[in-house]
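Asker: Can you keep this structure in mind? I'll have questions shortly.
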Amino acid sequence: MEDLYRENLLDHYENPRHHGTLEHADISHEESNPLCGDRIRIDVKLSEDGSRIAEIAFSGDGCIISQASASMLMDEVDCKPIGEVQKLERQDVLDMVGAPLTAARVKCAMLGLKVLKAGLYQYLVDHQK
Amino acid sequence: MKDTIRSLDVARIRQDFPALNERVHGRPLVFLDSAASSQKPIQVLSALDQAYRTSYANVHRGVYYNSERTTDLYDQAREKITRFIGAPAPENVVFVRNATEALNLVAYSYGRHFLQAGDEIVLTELEHHANFVPWQVLARERGIRLKFIPLTPQGTLDLARLDELLTPRVKLVTFAHVSNVLGTITDPRPVIERAHAVGAKVVVDGCQAAPHMPVDVQALDCDFYALSGHKMLGPTGIGVLYGKTDVLEAMPPFMTGGDMISSVTFDSVTWNEIPVKFEAGTPAFVEAIALGAAVDYLAALGMDAVRAHEREVVAYAIERLTEVPGATIIGPTDPDIRGGALTFTIKDIHPHDLGTLLDREGVAIRAGHHCAQPLHVRLGLPATARASFYIYTELREIDALIEAIYKAKHTLRK
Ligand SMILES: Cc1ncc(COP(=O)(O)O)c(C=O)c1O
């Protein structure tokens, strides 16, 4: 617990990477955690063949854990193949945060991944022939 | 406040609470979440232990010594609670699991039997979900209209609006005696009088009041009063619904089964008398006995003294928090109308981050919406932080809270 709010996390919170929204995004999805009011929206533009993330951005508000872990997630998935992004799991996010979280705070950390995966899933369902 | 009121010997009291001596993250625990649930004194812990360890048997059913003795202790517990809340008789004290069950019992049994389409229920904008959702469900199911007593900017009920809300269609009025978020103490008497004047029954959610101040249900003249044992030194799994005799007698049972019947044949059943009519199945009698011990403990301190102590703590906490740059107190800042729960925000720090950082200093507070989402919507805040106090809270713990808040601000560069 000692170094949860250490430089790296605070840096992502104060200088979020890929922050904002994208025009003409292929995927736009937003969810919030009603328990604490954390809210995250993620916009994704896919590569022409639809196999990779070409551009990604997030926006929202909430606690440091939710916003900083979303920022870390952006760095992690930018330019990655969709197949790889779909494989990301809870533990991957916890590894990015890099410090132990209590159960209540794990939810905050997972919001970004949840939004991204839900958005991707919806996209794939909609574009299935 | 009269100066004849005894004050509490907090140092002495703390010796009765083993959990307060625990350390968290290597620091002494500063427990500021008693509004969620209180710590337990050894008197209550040993009542539980004794009841299980000696002469344990199910109540009401046996003709042998152990069962009679346990039944006796169980009955005594009900009598203690009867005296503690000023109920006329033990028959008015129904044991339930918690305040949530008490309020649901009223909504299901009284509400579904006596309210119909077109009727109205008046509640308030500050209710806990436990005194909100059961009415919302009932209203949807039956076509009943819910109306809300609004809040003043200070966080008190705007009772100037009450008369316009109290139409002849209003069959039930319900409100929290003390708000678990705003800390607001509402004087129930005038509301109850005005509600009765239009023929409405009144349900008081006493969850945050009964543990902290003298309560006399007969003087209040409410029809129902709900409380949870675990917030008043008692164990989990036991709570109380007080009800006036005539309403309890008129109501159908909530659940059916053993104990609550007087006779059953293959094609008919007659209900047992109150309060047992509402206590189907084996009750939490050990927990009830321990709640009796909790009530003994509080009665020995004197509820006037408990309230006086908490008033002092909350006044000090308000004073200290007001000094902190960026701190905003949510709800009344007059300690005369504020119970021992202080809700606040710190500018640019999410309450969950604050809670996590305070926890590292051993300071336990609550962060979130405290089961009052509609109120938070009204306040325009997704979440708040809440420090709450009880008989064992010391002023130095408020100092520890303030120091931890400064430290959190420093860590987060706010
Ligand atoms: C005002 C109020 N009402 C009702 C409840 C519900 O109590 P319980 O969860 O014990 O049923 C609470 C508990 O937080 C409360 O503060």
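Asker: Scanning chain B for helices, which whole DSSP H stretches are 20 Å or more long along the axis (Cα) and average 1.0 or more by Kyte-Doolittle?
Answerer: B:285-301
Asker: Provide, in order from the shortest bin, the percent of all Cα-Cα pairs of the stretch B:1-144 in each 10 Å bin, continuing until the bin that contains the maximum pair distance.
Answerer: Using 10 Å bins, I get a P(r) of 9, 21, 27, 26, 15, 2 for the stretch B:1-144.
Asker: When only alpha-carbon atoms are used, what values of Rg and Dmax, in angstrom, describe the stretch B:130-169?
Answerer: Rg then Dmax for the stretch B:130-169, in Å: 12.2, 34.
Asker: Going through the stretch A:1-96, which GluC sites (Glu not before Pro) have at most 15 other Cβ atoms within 10 Å and a DSSP loop state?
Answerer: A:Glu2, A:Glu23, A:Glu48, A:Glu89
Asker: Extending each Cα 7 Å along its Cβ direction at B:Asp158 and A:Asp92, get the distance between those two points in nm, one decimal.
Answerer: 5.1 nm
Asker: From Cα coordinates alone, what are the radius of gyration and Dmax values for the stretch B:344-402 in angstrom?
Answerer: Taking only Cα atoms of the stretch B:344-402, I get Rg and Dmax of 12.3, 34 Å.
Asker: Could you tell me whether the stretch B:92-189 comes out rounded, prolate or oblate from its Cα gyration tensor? Rule is a ≥ b ≥ c as square roots of the eigenvalues, rounded for a/c under 1.5, then prolate if a/b exceeds b/c, otherwise oblate.
Answerer: Here the stretch B:92-189 falls in the oblate category.
Asker: Return the Rg/Rh value of the stretch B:45-300, two decimal places, where both radii are evaluated on C-alpha atoms and Rh is the Kirkwood radius.
Answerer: Taking Rg over the Kirkwood Rh, I get 0.99.
Asker: Starting from the amide H of B:Arg338, placed 1.01 Å from N in the peptide plane, find each other amide H under 5 Å away whose residue is 5 or more places distant or on another chain.
Answerer: B:Ile185
Asker: Using the crude model of +1 on Lys and Arg Cβ and -1 on Asp and Glu Cβ, and no other charge, please compute the dipole size for the protein assembly as shown relative to its Cα centre, in debye to 20.
Answerer: Its charge dipole is roughly 400 debye.
Asker: So what's the gap between the Cα centers of the stretch B:169-218 and the stretch B:103-153, to the nearest angstrom?
Answerer: Their Cα centres are 14 Å away from one another.
Asker: Can you run the Rg to Rh ratio on the stretch B:242-389? Use alpha carbon positions and the Kirkwood inverse-distance Rh.
Answerer: 1.16
Asker: Also: Taking the Cβ of B:Leu115 as the center, what net charge do the other residues with Cβ under 13 Å away carry, scoring Lys and Arg +1 and Asp and Glu -1?
Answerer: Computed value for this residue: +4.
Asker: Taking each pair of different alpha-carbon atoms in the stretch B:144-262 once, compute 1/r for the pair, average those values, and report the inverse of that mean as the Kirkwood hydrodynamic radius in Å to one decimal.
Answerer: About 15.8 Å, per the Kirkwood formula over Cα pairs.
Asker: Within chain B, which is the longest segment that contains none of the GluC sites (Glu not before Pro) sitting in a DSSP loop with at most 14 other Cβ atoms within 10 Å?
Answerer: Answer - B:23-272.
Asker: To make sure I understand the rule: partners must be aspartates and glutamates, Cα under 13 Å from the Cα of A:Lys117, and not fewer than 8 residues away in the same chain. Which ones qualify?
Answerer: Partners found: A:Glu30, A:Glu31, A:Asp43, A:Glu84, A:Glu89.
Asker: Pull out the extension gain between B:Val264 and B:Asp336, defined as 0.36 nm times the separation in residues minus the alpha carbon to alpha carbon distance; nm, one decimal.
Answerer: 20.6 nm
Asker: Let me ask something else about it. My understanding is that a pair violates if its Cα-Cα distance is over 31 Å; which of B:Lys147/B:Lys409; A:Lys107/B:Lys277; A:Lys107/B:Lys407; A:Lys114/B:Lys409 do that in this structure?
Answerer: Pairs exceeding 31 Å: B:Lys147/B:Lys409; A:Lys107/B:Lys277.
Asker: Find the sum over both chains of the accessible area lost when B and A are paired, probe 1.4 Å, and report it in Å² to the nearest 100.
Answerer: So the buried area, both faces added, is about 1500 Å².
Asker: Shifting gears a bit: Per residue, how large is the accessible surface of chain B? Use a 1.4 angstrom probe and give square angstrom.
Answerer: 40 Å²
Asker: So, one more: Compute the semi-axes of the equivalent ellipsoid of the protein assembly as shown, taking the square root of 5 times each eigenvalue of the Cα gyration tensor, and list them largest first in whole Å.
Answerer: Each semi-axis is the square root of five times an eigenvalue, giving 45, 29, 25 Å.
Asker: What is the local net charge at A:Ala118, summed over the other residues whose Cβ is closer than 10 Å to its Cβ (Lys, Arg +1; Asp, Glu -1)?
Answerer: That sum, taken over residues with Cβ under 10 Å, equals 0.
Asker: Given Cβ point charges of +1 (Lys, Arg) and -1 (Asp, Glu) and nothing else, what value in debye, to the nearest 20, does the dipole of the stretch B:244-350 about its Cα centre take?
Answerer: 260 debye
Asker: Something else: For n ≥ 4 DSSP H runs only, could you compute -39500 (n - 2.57) per run for chain B, divide by its residues and tell me the 222 nm figure to the nearest 500?
Answerer: Calculated from helices alone, the mean residue ellipticity at 222 nm is -11000 deg cm²/dmol.
Asker: Moving on. Rounded to the nearest 10 Å², what accessible area does B:Phe148 have for a 1.4 Å probe in the complete protein model?
Answerer: 70 Å²
Asker: Give me P(r) over the stretch A:2-127, computed from all C-alpha to C-alpha distances, binned every 5 Å, as integer percentages.
Answerer: Pair shares across the bins are 2, 12, 23, 25, 20, 11, 5, 2, 0, 0.
Asker: Now a separate question. Averaged over B:349-360, how many beta carbons belonging to a partner chain fall within 10 Å of each residue's beta carbon?
Answerer: 6
Asker: So which aspartates and glutamates pass the test for B:Lys80, namely a Cα distance under 17 Å, with those fewer than 8 places away in the same chain ruled out?
Answerer: Correct list for B:Lys80: B:Asp72, B:Glu91, B:Asp216, B:Glu287, B:Asp296.
Asker: Under 13 Å from the Cβ of B:Glu164, count the other residues' Cβ atoms, weight Lys and Arg +1, Asp and Glu -1, and hand me the total.
Answerer: The answer is +1.
The values are calculated or read from the model by the stated rules, or taken from the named source; none is laboratory data. Since this is a predicted model, take the numbers as computed values, not measurements. Positions of Cβ are generated from backbone atoms using ideal geometry, with glycine treated the same way; all protein chains shown enter the neighbour counts. Each accessible area value is taken on the protein alone, full model and side chains, heavy atoms only, with ligands, DNA and RNA left out. Shrake-Rupley method; radii C 1.70, N 1.55, O 1.52, S 1.80 Å.
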